[in-house]
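Just below is one structure, and these are the notes that go with it.
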Amino acid sequence: MFLEQTVGLGSTLRCRSRVLCLLIAALAAPAMRAQKVTLAVDAAKPGAKIDRNIFGQFAEHLGYGVYEGVWVGRDSKIPNTRGMRNDVVAALKALKVPNVRWPGGCFADEYHWRKGIGPVDRRPAALNPNWGGVIEPNTFGTHEFMDFIDQIGSEAYLSVNVGSGTPQEAAEWLEYLTAAQETALAKERAANGHPAPYRVPYLGIGNESWDCGGNMTPEYYLSQLKAYSRFVRNFNPEQKDAKRMLKIAVGPGGDGPRWTEWTEVVMKAWQGRSWSWDMDGLSLHNYTVVRWPPAYKSTGFGEAEYSQILKSTLEMEDLVTKHSAIMDKYDPQKKIALVVDEWGAWYAPLPGSTPGFLVQQNSLRDAILAALNLNIFARHADRVRMANIAQMVNVLQAMVLTDKERMLLTPTYHVFKMYLPFQDATFVPVVLDRGTYTHGDISLPRLDAIAAKDEGGKLWLALAHLDPSQPLELEVSLGGFAARSAAGETLTAASVDSINSFDAPGTVTPKPVAVKVQGAKLSLRLEPKSVTVVSMAP
Ligand code: AHR
């Protein structure tokens with residue numbers, strides 16, 4: 001008979017006696033000793049502002065993302081405010097979500113806004129052919145969405161229907177939403193309960209128009225873009241000039257010649273634009289998915305799948321760099337933002353879940369994945385000025401999961417919360433010994449880090465430590481910053497596939513970490529497979 005003894009993550013000894021196990025574990029112990037790593041922060045060389053919009057969310061009419069996840073209806077036993085569940089609203093409010101992209105996704109190119117306004121009992125039931133072919137009751141429509149973002153303190157990023165709609169339909173939606181003068185559409189809005197014009201700061205012109213949004217060529221899409229950009233206007237009087245509505249064009253969906261061509265065509269046309277059309281952003285969609293259809297499990301996996309998924313997610317850096325370089329050719333002043341408005345992990349659906357509902361769990365691996373992507377966006381802060389993780393509630397890499405009256409915060413939620421100080425902070429360069437983490441034939445950087453200075457003068461450090469077995473002793477030297485005190489919190493758990501479940505919702509939660517400050521030096525221990533955020537006060 002064998003006994004099992006754990007000596008570190010993923011390292012389980014099988015031995016014939018307890019004494020033998022302990023002996024082998026003791027011999028293995030030096031390998032677990034923390035390695036020393038250095039990192040230098042140069043606070044005297046501030047970079048671009050990390051736009052808080054990179055912490056945006058995406059809420060599509062898909063599975064339980066909106067219905068049940070956000071909207072339970074006014075008569076629900078689940079505590080709600082005008083139909084929106086209070087627990088989810090409170091959790092999202094705490095994240096200071098800068099913008100929410102709605103209503104899709106593929107759903108947006110089949111959405112007709114008129115079906116979602118007016119008395120609820122008179123709204124037509126439609127279908128959601130993209131996502132399970134279920135009934136779309138249209139009970140959550142324009143007014144409900146605007147109320148929801150108001151409740152969580154966020155802003156609207158509307159995706160208009162280019163695939164099966166018309167510029168007229170989209171133009172009328174925006175007039176309905178934003179007109180202050182007494183037009184027929186503004187009066188209809190008032191009759192439906194909202195006399196004041198709504199704010200719509202961000203407008204997406206189509207979604208994946210190269211695929212579910214209409215299978216368009218870049219040239220065909222461009223002609224659509226020009227018409228929508230010309231006619232879909234924002235009339236809200238408070239949103240003039242700098243606060244106007246930013247228009248985001250459909251951009252590439254990955255790596256390879258097809259996508260570089262798409263970026264080239266749209267950016268070149270923008271450079272040679274006439275007065276009558278414009279855009280402010282180009283979207284980029286990139287999911288972390290190793291195989292299609294997604295086959296990797298979101299729970300119950302080991303180090304092989306952990307390292308493979310992190311390798312795949314790190315491709316975002318290269319993708320952003322490549323498309324930014326094309327954009328630089330046509331827009332050296334970086335007027336157009338690269339908007340990564342769909343990103344995150346896409347795994348196999350949970351066994352037994354409704355097909356097409358994209359239900360998956362969320363583990364410590366996803367927390368590290370989220371930190372790595374946020375760090376990439378921050379490093380490209382001069383170009384990447386908006387991003388939306390897919391998706392906010394109950395779908396793909398969600399912030400929160402719900403099950404009837406229960407709700408849990410995912411490990412990804414905790415990373416977004418820990419990164420709050422980076423919203424609108426100024427990027428500060430770091431030089432670090434990234435080291436290498438190897439598993440099988442996969443080699444990845446062991447450590448990833450960013451630094452930023454907030455408006456109050458505090459310096460912040462975010463560290464993603466990928467190695468699941470080896471702790472690190474980190475020594476930070478601070479250039480151009482004298483820290484009087486420092487504090488930190490870290491997110492880790494027993495294994496890379498640790499999750500928060502409805503029965504154990506606190507398995508993966510941040511804990512305080514000890515940080516030593518001595519003059520311009522800072523030191524702390526980084527646990528294996530962890531995300532750590534450190535604040536330093538002057
Ligand atoms: O997020 C799920 C889907 O992924 C979106 O609807 C679509 O835009 C993308 O392909």
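Output yes when any residue across the range 359-380 is crowded, with 21+ Cβ neighbours inside 10 Å, of a type in the set (V, I, T) and assigned to a strand (DSSP E or B), and no when none is. Within the range 359-380 (the criterion being crowded, with 21+ Cβ neighbours inside 10 Å, of a type in the set (V, I, T) and assigned to a strand (DSSP E or B)), the answer is no, since none of the residues qualifies. All of F301, F231 fail the test of being open to solvent by 50 Å² or more (accessible area, probe 1.4 Å) and in contact (Cβ under 8 Å) with a residue 60 or more places away in the chain, apart from F231.
From the list L314, L246, L310, L319, the lone residue that is modelled with pLDDT of 95 or more, surrounded by 14 or more Cβ atoms within 10 Å (Cβ to Cβ) and within 16 Å of the ligand (Cβ to nearest atom) is L319. Residues of the range 131-144 that are crowded, with 18+ Cβ neighbours inside 10 Å and within 16 Å of the ligand (Cβ to nearest atom): W131, E136.
For the range 195-209, a residue qualifies if it is open to solvent by 20 Å² or more (accessible area, probe 1.4 Å) and within 14 Å of the ligand (Cβ to nearest atom), and exactly one does: E208. Once the range 499-512 is narrowed to residues that are under 20 Å from the mean Cα position of the chain (by Cα) and not aliphatic (A, V, I, L, M), the residue that is surrounded by the most Cβ atoms within 10 Å (Cβ to Cβ) is N500. Using the structure shown, decide if D503 is in a strand (DSSP E or B) and acidic (D, E). No: the conditions fail for D503.
Given the structure, is D87 part of a helix (DSSP H, G or I), touching a Pro at 6+ places or on another chain (Cβ under 9 Å) and more than 16 Å from the ligand (Cβ to nearest atom)? Yes, satisfied.
When you go through L310, L319 one by one, which is the residue that is under 21 Å from N500 (Cα atoms) and part of a helix (DSSP H, G or I)?
That would be L310, the only listed residue that is under 21 Å from N500 (Cα atoms) and part of a helix (DSSP H, G or I).
Write out, first by first residue and then by second, each pair whose Cβ atoms fall under 6 Å of each other, whose residues are 6+ apart or on separate chains, and whose first residue, in the range 513-524, is under 17 Å from L463 (Cα atoms) while the second is open to solvent by 90 Å² or more (accessible area, probe 1.4 Å). Here the result reads S523/K516, each pair linking the range 513-524 to a residue that is open to solvent by 90 Å² or more (accessible area, probe 1.4 Å). Candidates in the range 107-130 are the residues that are surrounded by fewer than 21 Cβ atoms within 10 Å (Cβ to Cβ) and within 15 Å of the ligand (Cβ to nearest atom); of these, the one that is nearest to T412 (Cα to Cα) is N130.
Only residues that are surrounded by fewer than 21 Cβ atoms within 10 Å (Cβ to Cβ) and in a helix (DSSP H, G or I) were counted across the range 145-172, and they come to 9. The set of residues from the range 480-492 being over 24 Å from K417 (Cα atoms) and under 31 Å from the mean Cα position of the chain (by Cα) comprises just one member, F481. Assessment of the range 275-284 against the conditions (more than 16 Å from the ligand (Cβ to nearest atom), open to solvent by less than 10 Å² (accessible area, probe 1.4 Å) and under 16 Å from the mean Cα position of the chain (by Cα)) yields no matching residue. Residues of the range 50-67 that are under 19 Å from E110 (Cβ atoms) and surrounded by 24 or more Cβ atoms within 10 Å (Cβ to Cβ): F58, A59, E60, H61, L62, G63, G65, V66.
Tell me, which strands (runs of 3 or more DSSP E) wholly within the range 390-458 include 2 or more residues that are surrounded by 24 or more Cβ atoms within 10 Å (Cβ to Cβ) and modelled with pLDDT of 95 or more?
So the answer is 447-453.
When A196, A190, A180 are checked against the criterion of being among the aliphatic types (A, V, I, L, M), part of a loop (DSSP other than H, G, I, E, B) and without any contact (Cβ under 8 Å) to a residue 40 or more places away in the chain, a single residue qualifies: A196.
The values are calculated or read from the model by the stated rules, or taken from the named source; none is laboratory data. Remember, predicted model here, so these are calculated numbers, not experimental data. Counting neighbours? That spans all protein chains shown, and the Cβs are built from the backbone with ideal geometry, glycine included. For the accessible areas, the whole protein counts, side chains as well, though only heavy atoms, and no ligand, DNA or RNA atoms are used. Shrake-Rupley method; radii C 1.70, N 1.55, O 1.52, S 1.80 Å.
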